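Chemist: Below is a structure I'd like to ask you about.
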Amino acid sequence: MSNDVIAALGEVVGQDQILTGDRIGEDYGHDEALSQLPRPPLAVVRPTSSAEVSGVLRVASAHGVPVTARGSGSGLSGAAIPEPGGVVVSFERMNRVLEIDVENHVAVVQPGVTLLELEEATAEHGLAYPVYPGELSSSLGGNVATNAGGMRAVRYGVTRSQVLGLEAVLATGEVIRTGGKLAKASTGYDLTQLIIGSEGTLALVTEATLRLYPRAAHQATVLAPFRTVDEVAHAVPKVVTSGVGPLILEYIDALTMAAITHAQQLDLGIPAEIRESAQAYLLVMLEDQHQDRVEQDTQQLGELLTELGAVDLYVLPGHSARRLVEAREKAFWTAKAVGANDIIDVVVPRASIPEFLRLSTEIAQRHGSTVLGCGHAGDGNVHLSVFQPDDEVRSVLLRELFEASMKLGGLISGEHGIGRSKKRYFLELTDPTTIELMRRVKRAFDPEGILNPGVLLEA
Ligand SMILES: Cc1cc2nc3c(=O)[nH]c(=O)nc-3n(C[C@H](O)[C@H](O)[C@H](O)COP(=O)(O)OP(=O)(O)OC[C@H]3O[C@@H](n4cnc5c(N)ncnc54)[C@H](O)[C@@H]3O)c2cc1C
């Protein structure tokens, strides 16, 4: 990138909002993917409006400069790691909640707003935005670009189900608006949905219109230990179809449970003999506007779980429940701290979880590796921490795990995205006609290929 380009970008955002050289903080070169090396950009720009984003992209496309959007950098697939010689567009200064529309149950936000900030803004109005990926410092722009999921997707669906409209800037600088505060739309191709989950490769999101829900007043959290992982996995579809409508339905294997409770110094009061006999746990949270409904559902759920083989049942007090959910959210940091070499998040039809878990243990053993995990079981989304330090062995292992999930009708990623870390497997294992169609979509949005090149598809 020449000095002229840097000067032109500086004119768009203001000279103090373009960072180069030593002014580029270390964070701008990486996200949280375990398998990817950091790579600093040549410049970081921090726009405050879609007009500035448009100006930046006009300069970048005129000079063929690669552009990587950045929210909070909490992604787990290396999708926010810039190309060498590229520019990072950081949305940290576009961080305003523009509107909470109480009548339409809608929030309009800039992309740099974090989930925690949106949670505070909606709570004031008795409303809630229901997508809770484990990292509440993540930005709404990043959530849209990765189609983030999280624990509550079993009840409310993922980001894709919540986004009603977008403002986005195309690679060539034009600003488009899609959708709106609308309950439905059937007016041409759905560009909103195309941009969601595109990992910054099709357009930069500068505003999102999001669906809100009434904030439920009452909750109950049930923890059920089971003797085998298989029993837990078999219980999952039964709980989903039982009618209790869980808000959260997570499975946690015994080693992961021991690690996350230890890391958070959390004592759930489970007797040692139960802990020793349990190979896995089901964590179920119920929620409703009415306390008596929560109580009835808790009763029904308890009976069902006992029938399905739960060794015991614990209805956790509010404080312990919150801390356990938090510990589960932080499972990634615990896995990282104990030396996991990668984390994957394959998705399979929920009834195929037992078969996938059986296959994944078999595959890992064959490669002298360990896979441990937990997951958004209600969504069939299995998060595995992979322990295999040898890059080549790990790569064969990952390929076999992805193939196993695909043979069961699954996909490589349920919510973290493909990014850089899983691109190779995605390109190898996906039907070539589908990949070619995706390349054509990419060319239609981004003819010069400047938006996040090397992420998802080849640069
Ligand atoms: C502890 C932990 C737990 C997690 N748990 C979950 C979970 O349960 N579920 C889940 O889905 N994810 C989870 N994640 C992953 C992560 O939080 C999500 O992927 C999140 O959506 C990323 O948001 P971000 O703002 O950090 O995005 P970044 O990491 O900054 O970027 C992610 C992608 O979005 C693009 N992007 C960012 N902003 C924009 C924009 N405005 N326009 C276009 N593209 C943009 C980037 O280029 C990149 O491709 C977890 C991560 C951690 C560290």
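Chemist: On the basis of being touching a helix residue (DSSP H, G or I) at 6+ places or on another chain (Cβ under 6 Å), in the same structural domain as Arg46 (by TED's automatic domain parsing), within 8 Å of the ligand (Cβ to nearest atom) and open to solvent by 20 Å² or more (accessible area, probe 1.4 Å), does Gly71 make the cut?
Modeler: Criteria met by Gly71.
Chemist: Still on this structure: Go through (1) touching a residue at least 24 places away in the same chain (Cβ under 8 Å); (2) over 19 Å from Phe332 (Cα atoms); (3) of a type in the set (Val, Ile, Thr) for Thr430 and report which single condition fails.
Modeler: Answer for Thr430: the failing condition is (1).
Chemist: Scan the strands (runs of 3 or more DSSP E) fully inside region 291-404 and keep the ones with 3 or more residues being more than 25 Å from the chain's Cα centre (by Cα).
Modeler: Correct list: 314-316.
Chemist: Can you tell me which residue among Val102, Val109, Val163 is surrounded by fewer than 23 Cβ atoms within 10 Å (Cβ to Cβ), under 28 Å from Val325 (Cβ atoms), at pLDDT 95 or above and more than 10 Å from the ligand (Cβ to nearest atom)?
Modeler: Val102
Chemist: Which ones in region 120-147 are within 8 Å of the ligand (Cβ to nearest atom) and either among the acidic types (Asp, Glu) or touching a strand residue (DSSP E or B) at 6+ places or on another chain (Cβ under 6 Å) (or both)?
Modeler: Glu135, Ser137, Ser139, Leu140, Gly141, Val144
Chemist: Moving to a separate point now. Give the residue that is nearest to the ligand (Cβ to nearest atom), with candidates limited to residues of region 306-346 that are over 23 Å from Val236 (Cα atoms) and touching a helix residue (DSSP H, G or I) at 6+ places or on another chain (Cβ under 9 Å).
Modeler: The extreme case among them is Trp333.
Chemist: Does Tyr314 meet the test of being surrounded by 19 or more Cβ atoms within 10 Å (Cβ to Cβ) and in contact with a Gly (Cβ under 9 Å, 6 or more places away or on another chain)?
Modeler: Considered against the rule, which asks whether it is surrounded by 19 or more Cβ atoms within 10 Å (Cβ to Cβ) and in contact with a Gly (Cβ under 9 Å, 6 or more places away or on another chain), Tyr314 comes out as yes.
Chemist: If a residue must be at negative phi and open to solvent by 40 Å² or more (accessible area, probe 1.4 Å), how many such residues does region 13-31 contain?
Modeler: Counting residues in region 13-31 that are at negative phi and open to solvent by 40 Å² or more (accessible area, probe 1.4 Å) gives 7.
Chemist: Could you list, in sequence order, all residues of region 130-160 that are within 20 Å of Leu249 (Cβ to Cβ), modelled with pLDDT of 95 or more and of a type in the set (Ser, Thr, Tyr)?
Modeler: Passing the criteria: Tyr156, Thr159.
Chemist: Okay, next question. Tell me which residues, restricted to region 359-400, are closer than 27 Å to Val284 by Cα, out of contact with any strand residue (DSSP E or B) (no Cβ under 6 Å at 6 or more places or on another chain) and touching a residue at least 24 places away in the same chain (Cβ under 8 Å).
Modeler: Leu359, His376, Asp379
Chemist: A follow-up question, please. Sort out for me the strands (runs of 3 or more DSSP E) sitting completely within region 174-278 that have 1 or more residues that are within 16 Å of the ligand (Cβ to nearest atom).
Modeler: 175-179, 204-211, 248-253
Chemist: Do the conditions hold for Ala148, that is, is it under 30 Å from Gly243 (Cβ atoms), in a loop (DSSP other than H, G, I, E, B) and free of Cβ contacts under 8 Å to residues at least 60 places away in the same chain?
Modeler: So Ala148 fails the test.
Chemist: Next question, about the same structure. For Glu83, are the conditions met, namely being open to solvent by 30 Å² or more (accessible area, probe 1.4 Å), within 12 Å of the ligand (Cβ to nearest atom) and out of contact with any strand residue (DSSP E or B) (no Cβ under 6 Å at 6 or more places or on another chain)?
Modeler: yes
Chemist: Can you tell me which residues in region 243-256 are in contact (Cβ under 8 Å) with a residue 40 or more places away in the chain and either crowded, with 17+ Cβ neighbours inside 10 Å or among the aliphatic types (A, V, I, L, M) (or both)?
Modeler: Residues satisfying the conditions are Val244, Pro246, Leu247, Ile248, Leu249, Glu250, Tyr251, Ile252, Asp253, Leu255, Thr256.
Chemist: Here is a further query. Do we have any residue at all in region 362-372 that's aliphatic (A, V, I, L, M), in contact with a helix residue (DSSP H, G or I) (Cβ under 8 Å, 6 or more places away or on another chain) and open to solvent by 70 Å² or more (accessible area, probe 1.4 Å)?
Modeler: No, every residue in region 362-372 fails to be aliphatic (A, V, I, L, M), in contact with a helix residue (DSSP H, G or I) (Cβ under 8 Å, 6 or more places away or on another chain) and open to solvent by 70 Å² or more (accessible area, probe 1.4 Å).
Chemist: Additional query: Return yes when Glu117 is closer than 17 Å to Asn143 by Cα and either away from the ligand (no atom under 16 Å from the Cβ) or not in a loop (DSSP other than H, G, I, E, B) (or both) and no when it is not.
Modeler: yes
Chemist: Here's another thing I want to ask about it. In region 1-44, what count of residues is obtained for those that are assigned to a strand (DSSP E or B) and in contact with a Ser or Thr (Cβ under 7 Å, 6 or more places away or on another chain)?
Modeler: Matching residues across region 1-44 total 2.
Chemist: With Gly375, Gly417 as the choices, which residue is at pLDDT below 95 and either buried (at least 21 other Cβ atoms within 10 Å of the Cβ) or acidic (Asp, Glu) (or both)?
Modeler: Gly375
The values are calculated or read from the model by the stated rules, or taken from the named source; none is laboratory data. Small disclaimer: the values here were computed from a predicted structure and weren't measured. Please note: Cβ atoms are built from the backbone with ideal geometry, for glycine as well, and neighbour counts cover all protein chains shown. Accessible surface is based on the protein model in full, side chains and every heavy atom, while ligands, DNA and RNA are left aside. Shrake-Rupley method; radii C 1.70, N 1.55, O 1.52, S 1.80 Å.
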